[in-house]
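Asker: Structure provided below as structure tokens; questions to follow.
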Amino acid sequence: MVRFMGGLNENRNSKPKDEFLDLDDSYNRLMENRNIRPNNEFSNLNDSPVGVKESSRPQVAPRFPPEDNIQFGVNYKEGSKPPVIGNNYTIRSNSIIYNDVVIGDDFRTGHNVVIRENTNIGDDVLIGTNTVIEGDVVIGNNVSIQSNVYIPTNSVIEDNVFIGPCACFTNDKYPVRVKYELKGPKIRRGASIGGNTTFLSGVEIGEGSIVAAGAIVIHSVPPFYLAIGTPAKIKPLADHLKVPNIL
């Protein structure tokens with residue numbers, strides 16, 4: 001499966017970047033390397049949902065014990081395609097995975113996980129109990145998402161990211177009041193997200209940055225910075241913390 005960028009060690013001593021990478025770049029790199037073509041009607045996650053059209057993986061539906069109550073392949077619309085999953089997976093009871101989902105190797109879930117349509121997940125990904133992924137989401141390789149996490153539509157999570165329990169991301173700037181283009185978070189590679197954190201619509205968490213537990217993030221965080229407090233204040237990350245996540 002694709003890696004979004006080079007190793008964190010390559011940039012351990014790099015200065016914070018003034019500009020963030022574009023969402024489309026991450027998405028396009030991921031899709032090209034996975035041999036997946038987006039729906040021709042939609043070009044990127046910022047505009048509209050992106051449908052999975054093909055994959056190099058064989059589309060064989062796995063079988064689960066009936067008592068586990070696992071729904072692998074929810075048909076949410078006419079013409080949707082069964083989900084595709086790689087080797088060596090563990091999906092625990094009462095989990096639901098919709099059609100048009102592509103998942104890599106070494107995938108693991110807790111119980112009661114929901115993964116909605118048009119989600120693309122890399123290799124070696126853990127999704128904890130009661131976590132909800134609302135669809136049209138891209139998740140890279142070597143990602144650990146703990147229990148009770150909410151990930152909304154149009155979110156991108158890059159490689160080697162840790163997301164602590166009860167983190168809540170949002171994608172609507174003016175809920176049920178104003179028409180607004182839904183923009184989920186962009187969590188860049190090597191970032192670490194503490195538990196019970198909240199993120200406003202469209203924020204970007206930079207490469208190698210840390211968001212402290214309980215923080216409310218209302219602005220984007222530069223690479224290798226710390227966000228802490230409510231609302232979060234942004235501070236340079238200590239040098240000894242500019243290291244890769246150990247996942």
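Asker: Segment 127-202: which trypsin sites (Lys or Arg not before Pro) are DSSP loop and have at most 11 other beta-carbon atoms within 10 angstrom?
Answerer: 177, 179
Asker: When N counts the residues of segment 64-148, how does its alpha-carbon radius of gyration compare numerically with 2.2 N^0.38 Å, as a ratio?
Answerer: Ratio of Cα Rg to 2.2 N^0.38 Å: 0.97.
Asker: Assuming 1.002 mPa s and 20 °C, estimate D for segment 161-204 with Stokes-Einstein, Rh taken as the Kirkwood radius over Cα pairs, in µm²/s.
Answerer: 191
Asker: Amide H neighbours of residue 131 under 5 Å, at least 5 residues apart or on other chains, H built in the peptide plane: list them.
Answerer: For residue 131, whose amide H was placed from the backbone, the distant partners under 5 Å are 114, 148, 149.
Asker: Now for a separate question. Name the residues of segment 197-211 whose amide N is less than 20 Å from a point 7 angstrom out from the Cα of residue 177 along the C-beta direction?
Answerer: 198-203
Asker: Starting from the amide H of residue 220, placed 1.01 Å from N in the peptide plane, find each other amide H under 5 Å away whose residue is 5 or more places distant or on another chain.
Answerer: 204
Asker: In sequence order, what are the phi-derived ³J(HN,Hα) couplings for segment 167-181 according to the Karplus relation 6.51 cos²θ - 1.76 cosθ + 1.60 with θ = phi - 60°, rounded to whole Hz, with x for glycine and proline?
Answerer: 5, 10, 9, 10, 9, 10, 6, 10, x, 6, 10, 9, 5, 8, 5
Asker: If you don't mind, there's one more thing I want to ask. Please work out the FRET efficiency for the pair residue 78 and residue 111, using the Cβ-Cβ distance as r and a Förster radius of 30 Å; give the result to the nearest 0.05.
Answerer: The computed FRET efficiency comes out at 0.50.
Asker: Using a 1.4 Å probe, what is the accessible area per residue for segment 108-183, in Å²?
Answerer: Accessible area per residue, segment 108-183: 36 Å².
Asker: Using 0.36 nm per residue, how much length does the chain from residue 241 to residue 64 gain when fully extended, once their Cα-Cα distance is taken away?
Answerer: Roughly 59.6 nm would be gained on extension.
Asker: For segment 169-247, what D do you get in µm² per second when you plug the Kirkwood radius from alpha-carbon pairs into Stokes-Einstein at 25 °C and 0.890 mPa s?
Answerer: Rounded to a whole number, D works out at 192 µm²/s.
Asker: Using mean Cβ contacts within 10 Å as the protection proxy, how do 84-94, 128-138, 150-160, 212-222 order, highest first?
Answerer: Going from most to least packed, we get 150-160, 128-138, 212-222, 84-94.
Asker: While we're on this one: Using the Karplus curve 6.51 cos²θ - 1.76 cosθ + 1.60 with θ = phi - 60°, work out ³J(HN,Hα) for each residue of segment 114-125 in order, rounded to whole Hz, and write x for Gly and Pro.
Answerer: Coupling constants for segment 114-125: 10, 10, 8, 4, 6, 9, 10, 10, x, 7, 6, 10 Hz.
Asker: Can you pull out the chymotrypsin sites (Phe, Trp or Tyr not before Pro) in segment 166-203 whose DSSP state is coil and whose Cβ has at most 16 other Cβ atoms within 10 Å?
Answerer: Of the chymotrypsin sites (Phe, Trp or Tyr not before Pro), the ones in loops of segment 166-203 whose Cβ has at most 16 other Cβ atoms within 10 Å are 180.
The values are calculated or read from the model by the stated rules, or taken from the named source; none is laboratory data. Just so it is clear, the structure is predicted and the values come from calculations on it, not from any experiment. Cβ coordinates were reconstructed from backbone atoms using ideal geometry, including for glycine residues, and neighbour counts include every protein chain displayed. For the accessible areas, the whole protein counts, side chains as well, though only heavy atoms, and no ligand, DNA or RNA atoms are used. Shrake-Rupley method; radii C 1.70, N 1.55, O 1.52, S 1.80 Å.
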